[in-house]
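Participant: Have a look at this one.
Coordinate-derived values only; no laboratory data. Owing to the predicted nature of the structure, the values given are computational and were not obtained by experimental measurement. Here the Cβ positions follow ideal geometry from the backbone for every residue, glycine too, while neighbour counts run over all protein chains shown.
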Amino acid sequence: MPSYNEFRTYSNLPKVKSFDELSDVMSKEDIEQLKTGYTHVDDIDLYIGGLYERPTEDGGLFGPTFRNIIAEQFYRWKNGDRFFFTFSNQSGSFTLGTII
């Protein structure tokens, strides 16, 4: 699995070269904690980096990286489900009346 730094690019965040560049999404205290556990920003695990991100300013529960991963997953679940009610007129598709 790619590192946290690699996943930042999927969230339209720049790839960073130093810990201090993480200040766009993390507090200084959290960055200092990451420095004690990792020798380079490319070593940060996706899960740990995502947990350290501040929630988005629009009232979100997650930072930008986890928000984008979760949104992408829900998009794929919906569009990969041939039974989803918006995909009508397919063999085996549910109708709105069937699910209500």
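Participant: Once R0 is set to 30 Å, what does the formula 1/(1 + (r/R0)^6) return for the Cβ-Cβ distance between LEU51 and ASP20, expressed as a FRET efficiency to the nearest 0.05?
Facilitator: Values: r = 19 Å, r/R0 = 0.64.
Efficiency for this residue pair is about 0.95.
Participant: Taking the radius of gyration and the Kirkwood hydrodynamic radius from Cα positions alone, what is the Rg/Rh ratio for the stretch 4-99, to two decimal places? If you can, show how the numbers build up before the last one.
Facilitator: Values: Rg = 18.6 Å, Rh = 15.5 Å.
Expressed as Rg/Rh, it is 1.21.
Participant: Run the reach check for LYS35 against lysines, Cα to Cα strictly under 26 Å, same-chain hits fewer than 8 apart removed. What comes back?
Facilitator: Filter leaves LYS15, LYS17.
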